[in-house]
Amino acid sequence: MDVLTLENLKTAAVVILALFGVVVTIGKGVEVLRGFHKPRAEKDASTRQQLTEHQKMLDTDKRRLDAHEAQLSEMRKMNQVQCVAMKALLSHEINGNSVDKLRKANDRLDAFLIGVGE
């Protein structure tokens, strides 16, 4: 068995300090490598979040545009029915005998209005 001397204690302390130095150096190296990757990861995360938010906004806008398109379609149909009714009234006023056209226009207008109410 070796005797515990000051020289042996110094050697043990130097070895322990060298091991700690290696551990710290490796730890700092890993930290630096993660530091290089971190800005890219943060940018990717923020880009994904923005993409998700924009997709939600686009979905909302599409639903709104589809609703507007449906409303416009109904308004076009209503305008067409009103124009037919107005034409029948004008024809009746001019000719005085367009009762059948008035009845058809009235039936068409009734059918449209009943269909809108459902």
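Can you give me the relative contact order of the chain as a percent, contacts being Cα pairs under 8 Å and 6 or more apart? Please report the intermediate quantities before stating the final value.
On the way: 21 pairs, mean separation 18.1, N = 118.
It rounds to 15 percent for the chain.
Taking neighbour Cβ counts within 10 Å as the exposure measure, how do Ser98, Ser91 sort from fewest upward? Please list the in-between numbers first.
Values: Ser98 18, Ser91 15.
With the sparsest Cβ surroundings first, the list reads Ser91, Ser98.
For segment 51-118, build the convex hull from the C-alpha positions and give me its volume per residue in Å³.
Values: hull volume 4.4 nm³, N = 68.
Convex hull volume per residue, Cα atoms: 65 Å³.
Helix-derived [θ] at 222 nm for the chain: sum -39500 (n - 2.57) over DSSP H runs of at least 4, divide by residue count, nearest 500?
Numbers: 2 runs with 109 residues, N = 118.
The per-residue figure over the chain is -35000 deg cm²/dmol.
Any idea which of His54, Leu65, Leu90 is furthest toward the positive side of the dipole for segment 48-95, if Lys and Arg beta-carbons carry +1 and Asp and Glu beta-carbons -1?
Of the listed residues, the answer is His54.
How big is the charge dipole of segment 14-118 about its Cα centre, in debye rounded to the nearest 20, if each Lys and Arg gets +1 on its Cβ and each Asp and Glu gets -1 on its Cβ? Before the final figure, lay out the partial values.
Values: 17 positive and 14 negative charges, 80 e Å.
Roughly 380 debye for segment 14-118.
How far apart, in nm, are the 7 Å Cα→Cβ label points at Met86 and Lys62?
Computed distance between label sites Met86 and Lys62 equals 3.8 nm.
For segment 63-118, what is the charge dipole size about the Cα centre, in debye to the nearest 20, if Lys and Arg each add +1 at the Cβ and Asp and Glu each add -1 at the Cβ? Before the final figure, lay out each step's value.
On the way: 9 positive and 8 negative charges, 27 e Å.
Here segment 63-118 has a charge dipole of around 140 debye.
Computed FRET efficiency, Cβ-Cβ of Leu17 and Arg40, R0 30 Å: what is it to the nearest 0.05?
Numbers: r = 36 Å, r/R0 = 1.20.
Efficiency at R0 = 30 Å is approximately 0.25.
Over segment 76-118, what relative contact order in percent results from Cα pairs under 8 Å that are six or more residues apart?
Working: 21 pairs, mean separation 18.1, N = 43.
That works out to 42 percent.
How big is the convex hull of the Cα atoms of segment 24-86, per residue, in Å³? Write down the numbers at each step before the final one.
Numbers: hull volume 3.0 nm³, N = 63.
Each residue corresponds to 48 Å³ of Cα convex hull volume.
How big is the Rg/Rh ratio for the chain, C-alpha atoms only, Rh by Kirkwood, two decimals?
Values: Rg = 42.5 Å, Rh = 23.0 Å.
Using Cα coordinates only, the ratio equals 1.85.
Quick note: the coordinates plus some simple rules give every number you see, no bench work behind them. None of these values were measured; they are calculated from a predicted model. Counting neighbours? That spans all protein chains shown, and the Cβs are built from the backbone with ideal geometry, glycine included.
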